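The values are calculated or read from the model by the stated rules, or taken from the named source; none is laboratory data. Keep in mind that what you see is a predicted model, and the values were worked out from it rather than measured. Cβ placement follows ideal geometry from the backbone for every residue including glycine, while neighbour counts extend to all protein chains displayed. Keep in mind that these areas ignore ligands, DNA and RNA; they rest on the heavy atoms of the full protein, side chains included. Shrake-Rupley method; radii C 1.70, N 1.55, O 1.52, S 1.80 Å.
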Number of protein chains: 6
Amino acid sequence: MIYVTRREVFSAAHRLFNPELSEAENDLIFDKCNNINGHGHNYVLEVVVAGEINPKTGYVIDLKKLKKIIKDFVISKVDHKHLNFDTDFLKGKIPTAENISVGIWYQLVDKIDEGKLYSVKVFETENNYAEYKGE
Amino acid sequence: MIYVTRREVFSAAHRLFNPELSEAENDLIFDKCNNINGHGHNYVLEVVVAGEINPKTGYVIDLKKLKKIIKDFVISKVDHKHLNFDTDFLKGKIPTAENISVGIWYQLVDKIDEGKLYSVKVFETENNYAEYKGE
Amino acid sequence: MIYVTRREVFSAAHRLFNPELSEAENDLIFDKCNNINGHGHNYVLEVVVAGEINPKTGYVIDLKKLKKIIKDFVISKVDHKHLNFDTDFLKGKIPTAENISVGIWYQLVDKIDEGKLYSVKVFETENNYAEYKGE
Amino acid sequence: MIYVTRREVFSAAHRLFNPELSEAENDLIFDKCNNINGHGHNYVLEVVVAGEINPKTGYVIDLKKLKKIIKDFVISKVDHKHLNFDTDFLKGKIPTAENISVGIWYQLVDKIDEGKLYSVKVFETENNYAEYKGE
Amino acid sequence: MIYVTRREVFSAAHRLFNPELSEAENDLIFDKCNNINGHGHNYVLEVVVAGEINPKTGYVIDLKKLKKIIKDFVISKVDHKHLNFDTDFLKGKIPTAENISVGIWYQLVDKIDEGKLYSVKVFETENNYAEYKGE
Amino acid sequence: MIYVTRREVFSAAHRLFNPELSEAENDLIFDKCNNINGHGHNYVLEVVVAGEINPKTGYVIDLKKLKKIIKDFVISKVDHKHLNFDTDFLKGKIPTAENISVGIWYQLVDKIDEGKLYSVKVFETENNYAEYKGE
């Protein structure tokens, strides 16, 4: 079993708030992340696929192919977008790093046909990140 | 003459478009940066001050003091903000890295009373940045 | 189950030696790390918490809260300190990255009340680090 | 159980192709990585050893000793080399990050006599890497 | 005057030797960089353009346009290539970081029609780089 | 004219205080940097040499040679040392990044016989650094 990772970067805006809570509660919980006009990040995404090495290619999965899958099903929906308004797979979710990781997992899990999706990591800043392994 | 640098990070949303141009022209020039709901970045800011070493302290300027100046006059106005709507010193400007650098220069230049402001660098992504030296 | 990580940095001095060994043995084992006046590092600390996403917040644990816990129980005791003399939770320990990781684990493990502490990583340099998972 | 990591860097050339396939198949699979004159990378290697802390030293394994093992059995065979021609432990293998990771694992696994080899990670670029854990 | 920078990465092989010198002299000067089968690097390229801000766009030069110029005239000739054999603008040159910087300068200097080329930096490793400013 | 840079890292302890000032003044100026037992950093040093390319080698100065000069005259005196006690060229100086840069400049300036020393940069943390150019 080998684990291969592809790293991508996307730039997006978001606002953290829960529409079911009062303004005061949202301010208490989300503080400056609840700025009404939003703010943004250069998100770093790491996608890990686990599998056996294919002796014909020396690859678990060709990372050029993995890159294309990530681009078609994730990057095209989040890069230079506002995650609260523009991203179908986050509709109705508070776009925290946690929920973004889970959302990306379900975008990718059935598109990967060599090896199996093992982990999705989303770095919101150099100091904060979330990881989901489908369990 | 010594050059001292303080690095800070801020997370902001922005949208690039020129309200004096047509929608088609804006799309042509700004492409995905013109997304109507905006997008965002973790901006990295580097502020350089040049001066003589004060023999009493060994400092050109105490970087704790420089940090506070940057926080009061820049970070408080851009971090977790939307640069098109929330930032007074960018009003009426297209918030490119170039214009942000110049805007930050004029926020800081007369607040620094030990040494002189030498350079303001703004990294929009790990691949794109702008620098202004006041000339 | 989601894993969320908070990264912090602290600057500290230390000296590696075992008072129960002879000077010659200490030199042999710890070499330049045994410099009598000490040396130091910018340590990078990564704290991982594992848990379910709280649907009210989208968080496993609010990273602002985790940051405060880390600051109160770890950073305040190690940042701009000498780990051999100033840090209560390392008293009587050789302050290697291994022992620092374990020490930090026990500072944090019962303070985290949303999710559970999963891992503590301590980078001594960009080339050397240790991780403890409580097992 | 503690996990300690040593990071090393090496600069090498390689060419990806499978001599049992036709030129057209090689081009299809390996694309620009199949450039006949080769290309190259600054590879980053992370070696993780897991074990108990030795109370005499505070170490799982002295990282100076681990560094020497890695240098003698890996770096000397790959740094400033062409992986297809100069590296005995990759002979007959397509030198993908996957195969390099497995090759390095078997170079190291029986040389480490304090703790046990836990993981070998090979970063080919800042965006692509492979990890092998011996399973 | 504003300075804008675009960073690109390319992976290439090279061998350092001077065909006019003896084997012994080449070994003495270039040591392991003279490995007969070559070695390689992930080169990082930073291209700086200096100019006035265009009030219509807020740009000195659109970095998407600069990226395309760099791709067409540099990256296409060096990425996944062997610099001694595959790169026309380095023919007859020893492909050191110094000579690569100068070579890239002359590839770009007359292609940039908004602002002026100010600097070309080439990082061979994270520890070694060269910069040329056309003077 | 080409500028070549060599980056080195050293780990050192220091304490910032001015023995000619009172304890209260030292606390006011240097705050936590005045911890009586000291603290420390992984300093990053960048040394820039400017000169013409030697057509025989393609180098301004062989960076292996520059590395040796830096090692012999700087790294051997600061790495795994306490800058207040162990470093001859900082005796009687407050070991700020500013004073360390100037001290390193004078260690190196007359040892470099190919090209000329152009700049010495000392990063104390990822957020704070100083640069001296000999003027």
Restricting to the stretch B:67-77, name every residue that is more than 9 Å from every other protein chain (Cβ to nearest Cβ) and in contact with a strand residue (DSSP E or B) (Cβ under 8 Å, 6 or more places away or on another chain).
B:Ile70, B:Lys71, B:Val74, B:Ile75
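Name every residue in the stretch E:107-121 that is farther than 24 Å from D:Gly40 by Cα and more than 10 Å from chain F (Cβ to nearest Cβ), in order of residue number.
Result: E:Val109, E:Asp110, E:Lys111, E:Ile112, E:Asp113, E:Glu114, E:Gly115, E:Lys116, E:Leu117, E:Tyr118.
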Which of (1) open to solvent by less than 10 Å² (accessible area, probe 1.4 Å); (2) in contact (Cβ under 8 Å) with a residue 60 or more places away in the chain; (3) more than 12 Å from chain C (Cβ to nearest Cβ) does F:Val48 not meet, given it meets every other one?
(1)
Report yes if B:Ser76 is open to solvent by 20 Å² or more (accessible area, probe 1.4 Å), of a type in the set (Ser, Thr, Tyr) and out of contact with any helix residue (DSSP H, G or I) (no Cβ under 8 Å at 6 or more places or on another chain), otherwise no.
yes
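Looking for whichever is open to solvent by less than 10 Å² (accessible area, probe 1.4 Å) and in contact with a helix residue (DSSP H, G or I) (Cβ under 7 Å, 6 or more places away or on another chain) here; the options are E:Thr57, E:Thr87. Which one fits?
Exactly one of E:Thr57, E:Thr87 is open to solvent by less than 10 Å² (accessible area, probe 1.4 Å) and in contact with a helix residue (DSSP H, G or I) (Cβ under 7 Å, 6 or more places away or on another chain), namely E:Thr87.
Filter the helices (runs of 4 or more DSSP H) completely within the stretch C:1-115 down to those with at least 3 residues that are closer than 27 Å to A:Phe30 by Cβ and within 19 Å of the chain's Cα centre (by Cα).
Because the criterion is at least 3 residues that are closer than 27 Å to A:Phe30 by Cβ and within 19 Å of the chain's Cα centre (by Cα), the helices (runs of 4 or more DSSP H) in the stretch C:1-115 that meet it are C:63-70.
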Just one listed residue, out of B:Lys116, B:Lys71, B:Lys111, B:Lys65, is open to solvent by 50 Å² or more (accessible area, probe 1.4 Å), among the basic types (Lys, Arg) and more than 13 Å from B:Val49 (Cβ to Cβ), and it is B:Lys71
Can you find even one residue in the stretch C:117-125 that is without any contact (Cβ under 8 Å) to a residue 60 or more places away in the chain, part of a strand (DSSP E or B) and not polar (S, T, N, Q)?
no
Sort out which residues of the stretch A:16-43 are open to solvent by less than 50 Å² (accessible area, probe 1.4 Å) and more than 7 Å from chain B (Cβ to nearest Cβ), and write them in order of number.
A:Leu16, A:Asn18, A:Leu21, A:Asn26, A:Ile29, A:Phe30, A:Asn34, A:Tyr43
Considering residues that are hydroxyl-bearing (Ser, Thr, Tyr), open to solvent by 30 Å² or more (accessible area, probe 1.4 Å) and at the interface with chain C (Cβ under 7 Å from one of its Cβ atoms), the number found within the stretch A:122-135 is 0
Going through (1) in contact with a helix residue (DSSP H, G or I) (Cβ under 7 Å, 6 or more places away or on another chain); (2) more than 10 Å from chain D (Cβ to nearest Cβ); (3) without any contact (Cβ under 8 Å) to a residue 24 or more places away in the chain one by one, C:Lys93 fails only at (2)
